[in-house]
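Read the figures in this text as sums done on the coordinates, not as results from a lab. From a predicted model like this one, the values you see are computed outputs, not experimental measurements. Note: ideal-geometry Cβ built from the backbone for every residue, glycine included; neighbour counts use all protein chains shown.
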Amino acid sequence: MINLLKRVFGKNAPSKKEWEQRQREAIIDLVLFGMYADHLLSLAENQFLEDEVDELDWEAPISCVAYLSTAIHRVRDIEGSAEKRAAFLQSIRERLGDETGRQGALLVLEDLFASDGKAREEQAVLDEIRAIFEKGA
């Protein structure tokens, strides 16, 4: 992820040390949300998640593995509820911080979707998230 952000934002890209823990958690939540977008979990998407997690400088009191477990439950819990989904995506938006963080997260999500071929459902999710991230920007 950091390498992707550096390609896009150049020297202004945040380094691993500059990301706050809430931003790291938001990226994981977003990637998991994206993985479930087409209701098909692929090996490529799983590998993408593992690669993203490996690049993060985890600084939370709980392990990254424990965070992933609870995050998966959160993502599954919002399925079928428009209100929960909207609140979840808004929470991700807020935790990502400024426009640079949100744009970087969108690029990560695009890379996730491209990892196994973008499905129609994934494009709709990307458009939805883009609209939420741009709201009030």
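Couplings 3J(HN,Hα) for segment 78-86, derived from phi with the Karplus relation 6.51 cos²θ - 1.76 cosθ + 1.60 (θ = phi - 60°), are 7, 4, x, 10, 4, 5, 5, 4, 4 Hz, where x marks Gly and Pro. For the peptides 86-93, 71-78, residues were scored by their other Cβ atoms within 10 Å and the scores averaged per peptide; the highest-first order is 86-93, 71-78. State the extension gain, in nm to one decimal, for the chain segment bounded by Arg120 and Arg74, taking 0.36 nm per residue of separation less the distance between their alpha-carbons. Gain on stretching Arg120 to Arg74: 14.2 nm.
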